[in-house]
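Peer 1: One structure is given below, represented as structure tokens, and several questions about it will come after.
The values are calculated or read from the model by the stated rules, or taken from the named source; none is laboratory data. Just so it is clear, the structure is predicted and the values come from calculations on it, not from any experiment. Methodologically, a virtual Cβ is constructed for each residue, glycine included, from the backbone with ideal geometry; neighbour enumeration extends over all protein chains shown.
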Amino acid sequence: MGDVYANRGSKKAVPTNNSAMTPTYTASKRISAKKSMQSLVDDLAAVTDVQAKDDGGMARLLDREERDAAERREREVRDRERREEAKAAEERHQQERKEDRERRQEDAKREAALRAERERERAEERRQQDQQMQLEREELRQRHEQMMPMLQALSKSNNAK
């Protein structure tokens, strides 16, 4: 062992043995960096292990996402087809309503034409009846005029007796 007090005039004892010396600033920095590096290496190894273990999970996650996307696309296609079918059904329904409305209008026009024709026929019939009645009245008036002088003559002859 070396002399602990090699520097005799100094107030401080400096050990001469290098192995017993306390680490210097650079040595302590080196040791601290080595520990930090080892910690980072350990963390990296842990993350790599987790990632290696989770690779199957990631693949399953990606597979599930792809299936979800495919289902979403299929659902969108079905929804679009359903909307198109509903739109076509609505258009057919509107066309049927339009045709029904037109048919009712045509029926109403035919009925109105028939009513108008019947009304004209009744009016013609009334006119003919009125004309016939007028002719009969005229004939009756003429007979009356012819009968009155005869009746007066008879009445005078009955009164004269």
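Yes/no matrix, rows are residues, columns are (1) among the basic types (K, R); (2) modelled with pLDDT under 70; (3) out of contact with any His (no Cβ under 7 Å at 6 or more places or on another chain):
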| position | (1), (2), (3) |
| --- | --- |
| A27 | no, no, yes |
| D54 | no, yes, yes |
| A69 | no, no, yes |
| R75 | yes, no, yes |
| D79 | no, no, yes |
| R83 | yes, no, yes |
| A89 | no, no, yes |
| K98 | yes, no, yes |
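Peer 1: Looking at region 136-151, can you tell me whether even one residue there is modelled with pLDDT under 95, of a type in the set (D, E, K, R), assigned to a helix (DSSP H, G or I) and surrounded by fewer than 10 Cβ atoms within 10 Å (Cβ to Cβ)?
Peer 2: Looking for residues that are modelled with pLDDT under 95, of a type in the set (D, E, K, R), assigned to a helix (DSSP H, G or I) and surrounded by fewer than 10 Cβ atoms within 10 Å (Cβ to Cβ), one finds at least one in region 136-151, hence yes.
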